[in-house]
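> Quick one: structure below, then a few questions.
The numbers here are math on the coordinates, done by the rules we state, and not lab data. The structure presented is a predicted model; accordingly, all values stated were derived computationally and were not measured. Cβ placement follows ideal geometry from the backbone for every residue including glycine, while neighbour counts extend to all protein chains displayed.
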Amino acid sequence: MIVVMERGCTQEHVNHVVQIVREMGLQDHVIQGTERTVVAVIGDERFKDRGVLEQAPMVEQVIPILAPYKMASREMKPEPSAIRISPTAVVGGPRIAVIAGPCSVESREQIVDLAHQLKDLGAAGLRGGAFKPRTSPYQFQGMGETALEYLAEARERTGLAVVTEVMSIDQVDLVARYADVLQIGTRNMHNFNLLEAVGQTRKPVLLKRGWSSTLDEFLLAAEYIIKEGNQNVILCERGIRTHETYVRNTLALGIVPAIKRQSHLPILVDPSHATGHAYMVPAMAKAAIAAGADGLLVEVHPDPEHALTDGAQSITPKVFEQMMRDLARIAAAVDRSM
Ligand code: PEP
Ligand code: MN
């Protein structure tokens, strides 16, 4: 970081800053300009509280240089991470990974039949909610462990990786017994204890961006998981809250190239929650792959009109089939395959 001293500071003020820097275990390099004096701080500042320096007399500004995350950063690991989610599927490789399925598991037939169709259409994973984070406590909350059993059966029959959400620390063991990938939903991205708990498993974690979180907060949430020893983090952009009302959320696609620059972690895009409307899903899915996303998390329902949750944004298997065909052309244009 760089400590910019105020105009008119004395040598004593500079010495005081230097002393604090050394107490922090960092090195200093004082640069006396004609107008200003700055103290360049050398060393890993990420884990230090730079607010301490802001309190020193005659300090005008403290400017961080390093990003606050470390293990999730490109500096730490320049090559992109590819995360295996099943014996046949990887997220972050040359092949685009599409994880699809209903918002909620509703019955055995629904999920098993749909899994067969999705597998035939080229999906890499099967998503389905067992524990649902609903805005209202009076809405359908998911089928719980029964849904996990159906998901496991769908995996056995199709080989698709099972992706499902874990909402609390006490669910982690149960969900990890059935799932191949543990999903952390947007509402829980800041639940640091839960992030640590999934970090203690060795299951891949699909971390959805909090709907009001910044890129730094998103990667720091990933850092909570990785620091526990679990490097298998897959990020997912699912739209953020804005003033707009024609969409459920606003898809912030710029985060894809930004994450690619800052981090080695793969990133998926969820065009379903990011729009809230089925008609927008294929277009946003194509845009996501064109922007460099490693894959998609998309809601597909055999009968959206009767879906128990998120019917409006769920596409049918038929639409999914056409979307996959179109995506193959987009993927080829960006040197990826489907
Ligand atoms: C979901 O994937 O069904 C879900 C609830 O997503 P989010 O956490 O992004 O709202
Ligand atoms: Mn949903």
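> Criterion first (within 16 Å of ligand 1 (Cβ to nearest atom), touching a strand residue (DSSP E or B) at 6+ places or on another chain (Cβ under 7 Å) and among the charged types (D, E, K, R)) does ARG127 satisfy it?
yes
> Hey, among the residues in region 303-332 that are part of a helix (DSSP H, G or I) and among the small types (Gly, Ala, Ser), which one's farthest from ligand 1 (Cβ to nearest atom)?
Only one residue fits best here, namely ALA332.
> Oh, and also: Looking at (1) over 27 Å from SER168 (Cβ atoms); (2) more than 16 Å from ligand 1 (Cβ to nearest atom); (3) part of a helix (DSSP H, G or I), which one does GLU75 not meet, given that it meets all the others?
Only one criterion in (1) over 27 Å from SER168 (Cβ atoms); (2) more than 16 Å from ligand 1 (Cβ to nearest atom); (3) part of a helix (DSSP H, G or I) is unmet by GLU75, namely (3).
> Let me ask you something else. Could you name every one of the strands (runs of 3 or more DSSP E) located completely within region 177-280 that has at least 2 residues being crowded, with 21+ Cβ neighbours inside 10 Å, of a type outside the set (A, V, I, L, M) and within 16 Å of ligand 2 (Cβ to nearest atom)?
Where strands (runs of 3 or more DSSP E) fall fully within region 177-280 and carry at least 2 residues being crowded, with 21+ Cβ neighbours inside 10 Å, of a type outside the set (A, V, I, L, M) and within 16 Å of ligand 2 (Cβ to nearest atom), they are 233-237.
> Looking at region 28-51, which of its residues are over 36 Å from the mean Cα position of the chain (by Cα) and either outside any strand (DSSP E or B) or under 25 Å from MET71 (Cβ atoms) (or both)?
GLY33, THR34, GLU35, ARG36
> Since SER136 meets every condition but one in (1) within 21 Å of LYS318 (Cα to Cα); (2) more than 13 Å from ligand 1 (Cβ to nearest atom); (3) not in a helix (DSSP H, G or I), which condition does it not meet?
With respect to (1) within 21 Å of LYS318 (Cα to Cα); (2) more than 13 Å from ligand 1 (Cβ to nearest atom); (3) not in a helix (DSSP H, G or I), SER136 is out only on (1).
> I would also like to ask the following. Considering region 116-130 alone, what residues qualify as being more than 12 Å from ligand 2 (Cβ to nearest atom) and in contact (Cβ under 8 Å) with a residue 12 or more places away in the chain?
HIS116, GLN117, LEU118, LYS119, LEU121, GLY122, ALA123, ALA124, GLY125, LEU126, ALA130
> So GLU223 ticks every box in (1) in contact with a Pro (Cβ under 9 Å, 6 or more places away or on another chain); (2) closer than 26 Å to ASP303 by Cβ but one. Which box is left unticked?
(2)
> Moving to a separate point now. Conditions: (1) closer than 30 Å to ALA290 by Cα; (2) among the polar types (S, T, N, Q); (3) out of contact with any helix residue (DSSP H, G or I) (no Cβ under 7 Å at 6 or more places or on another chain). SER73 meets all but one. Number of the miss?
All conditions are met except number (3).
> Six or more apart or on different chains, Cβ under 6 Å: which pairs go from a residue in region 300-312 that's within 15 Å of ASP113 (Cα to Cα) to one that's in a strand (DSSP E or B) and away from ligand 1 (no atom under 13 Å from the Cβ)? Could you list them?
These pairs meet every condition: VAL300/ILE315.
> Going by the conditions given, is ALA56 outside any loop (DSSP other than H, G, I, E, B), small (Gly, Ala, Ser), at negative phi and touching a residue at least 24 places away in the same chain (Cβ under 8 Å)?
Here the answer is no, as ALA56 does not meet what is asked.
> Quick check, is VAL300 within 16 Å of ligand 1 (Cβ to nearest atom) and either within 23 Å of GLN139 (Cα to Cα) or surrounded by 16 or more Cβ atoms within 10 Å (Cβ to Cβ) (or both)?
Answer is yes for this residue.
> In addition: Report yes if some residue within region 91-105 is out of contact with any Asp or Glu (no Cβ under 8 Å at 6 or more places or on another chain), part of a loop (DSSP other than H, G, I, E, B) and within 16 Å of ligand 2 (Cβ to nearest atom); otherwise report no.
Taking every residue of region 91-105 in turn, at least one turns out to be out of contact with any Asp or Glu (no Cβ under 8 Å at 6 or more places or on another chain), part of a loop (DSSP other than H, G, I, E, B) and within 16 Å of ligand 2 (Cβ to nearest atom).
> Checking ARG155 against (1) surrounded by 18 or more Cβ atoms within 10 Å (Cβ to Cβ); (2) more than 16 Å from ligand 1 (Cβ to nearest atom); (3) of a type in the set (D, E, K, R); (4) in a loop (DSSP other than H, G, I, E, B), only one condition comes out false. Which one?
It is condition (4) that ARG155 fails.
> Another question, if that's okay. Taking the conditions exactly as written (closer than 30 Å to ALA161 by Cα, out of contact with any helix residue (DSSP H, G or I) (no Cβ under 8 Å at 6 or more places or on another chain) and in a loop (DSSP other than H, G, I, E, B)), does GLY25 satisfy them or not?
no
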